[in-house]
Structure formats: structure tokens, C-alpha cells
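Please read the structure below before turning to the comments.
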Amino acid sequence: MFKNTFQSGFLSILYSLGSKPLQIWDKEVVDGHIKRPQDEDIQSNVLEIVGSNIQSTYITCPADPSATLSIKLPFLVMIVKNLKKYFTFEIQIRDDKNVRRCF
């Protein structure tokens, strides 16, 4: 997906302030919601993903499961607000030898 994109500094794949923050993401929502409320602490829009079960309410990128992001930058930065609730995230890496690893 970003194979032909010049990758320097930061590459944002999820940014809640854009007009379509989930444009390249697939969404699955069962008994929950995905909203963009205003956060009082940072006075900005954020992405809120809420569901009764982590297996039924989630986002995944890229939207096409057979595609890859082709990101070559060495760092991943996530900003997550502690709401004292359970959450999970999974990252799958495929190296240059086509070995997949999940974190």
C-alpha cells in the first residue's frame, strides 16, 4: 500500500483529525460503536472504539487482508489514553524473508 511512497520521518496510518480517518481501515462492529468524540483533556477529536467483545468490534489495516502496508520505517508510535478499561491490539510483521510474526 505504501510501497511507492517516500517514507521519511513519520507515516501516519491512523489520524483522528482527518476528514476520513478510517479510509484505509476495515471496520467490524457488533454490539458496539466507533465514534469521533471530542476529548476533554487534549481538546481534540479522538477515535473511540467500544464493544462488548474484542473479537466482534475492531478495526484492521489494510482493509484488504491480502494486501500489505509495505512500511519500512523502524518505529511504531501509538498514543493511547488510559480509560481504566481493557483493550488489546495486535501487530503482524512480515520480514524480507516473508516470515510473519504477531505481537
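Summary of computed values
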quantity: Selection from the stretch 72-94 of residues that are open to solvent by 70 Å² or more (accessible area, probe 1.4 Å) and hydrophobic (A, V, I, L, M, F, W, C); calculated: PHE75, LEU76, VAL77, MET78, ILE79, VAL80, LEU83, PHE87, PHE89, ILE93
quantity: Members of the stretch 57-85 that are of a type outside the set (A, V, I, L, M), within 18 Å of GLU28 (Cα to Cα) and not in a strand (DSSP E or B); calculated: CYS61, PRO62, ASP64, PRO65, SER66
quantity: Search result, residues across the stretch 26-35 that are surrounded by 14 or more Cβ atoms within 10 Å (Cβ to Cβ) and either closer than 17 Å to MET78 by Cα or over 14 Å from the mean Cα position of the chain (by Cα) (or both); calculated: VAL29, GLY32
quantity: The stretch 74-90 residues that are free of Cβ contacts under 8 Å to residues at least 60 places away in the same chain, paired with ones that are surrounded by 10 or more Cβ atoms within 10 Å (Cβ to Cβ) and of a type in the set (A, V, I, L, M, F, W, C) (beta carbon under 7 Å, 6 or more apart); calculated: THR88/ILE54
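The values are calculated or read from the model by the stated rules, or taken from the named source; none is laboratory data. All values derive from a computational prediction rather than experimental measurement. Note that we place each Cβ from the backbone using ideal geometry, even for glycine, and neighbour counts take in every protein chain shown. Accessible surface is based on the protein model in full, side chains and every heavy atom, while ligands, DNA and RNA are left aside. Shrake-Rupley method; radii C 1.70, N 1.55, O 1.52, S 1.80 Å.
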